[in-house]
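Input: a single structure, listed below in structure tokens.
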Amino acid sequence: MSFRQSSIPVAIALAGAVTLSFLDAPLQAQSPISRNVVLVRQDQSDCTNSNVPNVDSPNVGGDLSIVRGSDGNTTVKVAMTVSPNTTYHFYLKCVRQLGDITTSDEGLGFGIFSFPTNSAGGTYAFDMYPEGAPPGNKFQSATVSF
């Protein structure tokens, strides 16, 4: 067995541990500078995703960890398990695209993006979808509120 073949189960286990660690953290008890929200399979919502629940469910495809830095920038870390071998465009919803995340052949994807904190108000959201945005393959974050 090659190193690559033997490392795949380890990578999957680590990715699962990262994703689950977000879900294990209590969503109500958060610091003044950080938030954790889920990424939900949902085709549409408004600019703040006011109808996207921040709870674990079969529609959850990922987790976001958002931190407001003292340097005036906000960083969002994305961990997701969605469609395999797919490039998702990741957006600060109704503001601008932050970048792309390409998933592995197991559907695992990770990304870290930053944006100026003052480019979003105190309440905002994220969304992501592949080119062409097929129904059922769009994801909305729960509302982020500081």
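The values are calculated or read from the model by the stated rules, or taken from the named source; none is laboratory data. As the structure is a computational prediction, the values presented were derived from the model and not from experiment. Quick reminder, even Gly has a Cβ in these numbers, built from the backbone with ideal geometry, and neighbours come from all protein chains shown.
Observations, loosely collected:
- Tally of residues being of a type in the set (S, T, N, Q) and under 12 Å from residue 109 (Cα atoms) across the stretch 50-93: 5
- Candidate set from the stretch 81-102 (those that are β-branched (Val, Ile, Thr) and within 21 Å of residue 36 (Cβ to Cβ)); member that is surrounded by the fewest Cβ atoms within 10 Å (Cβ to Cβ): 95
- Note on the stretch 37-46: residues that are more than 18 Å from residue 145 (Cα to Cα) and part of a strand (DSSP E or B) amount to 1.
Matching residues to (1) part of a strand (DSSP E or B); (2) at pLDDT 95 or above:
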site: 48; (1), (2): no, yes
site: 61; (1), (2): yes, yes
site: 75; (1), (2): yes, yes
site: 78; (1), (2): yes, yes
site: 88; (1), (2): yes, yes
site: 97; (1), (2): yes, yes
site: 111; (1), (2): yes, yes
site: 134; (1), (2): no, no
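- Within the stretch 29-46, restricting attention to residues that are of a type in the set (A, V, I, L, M) and either over 15 Å from residue 76 (Cβ atoms) or loosely packed, with under 14 Cβ neighbours inside 10 Å (or both), the residue that is modelled with the highest pLDDT is 40.
- The condition of being surrounded by fewer than 16 Cβ atoms within 10 Å (Cβ to Cβ), at negative phi and under 16 Å from the mean Cα position of the chain (by Cα) holds for only one of 55, 144, 78, that being 55.
- Selection status of residue 70, surrounded by 15 or more Cβ atoms within 10 Å (Cβ to Cβ) and of a type in the set (Gly, Ala, Ser): no
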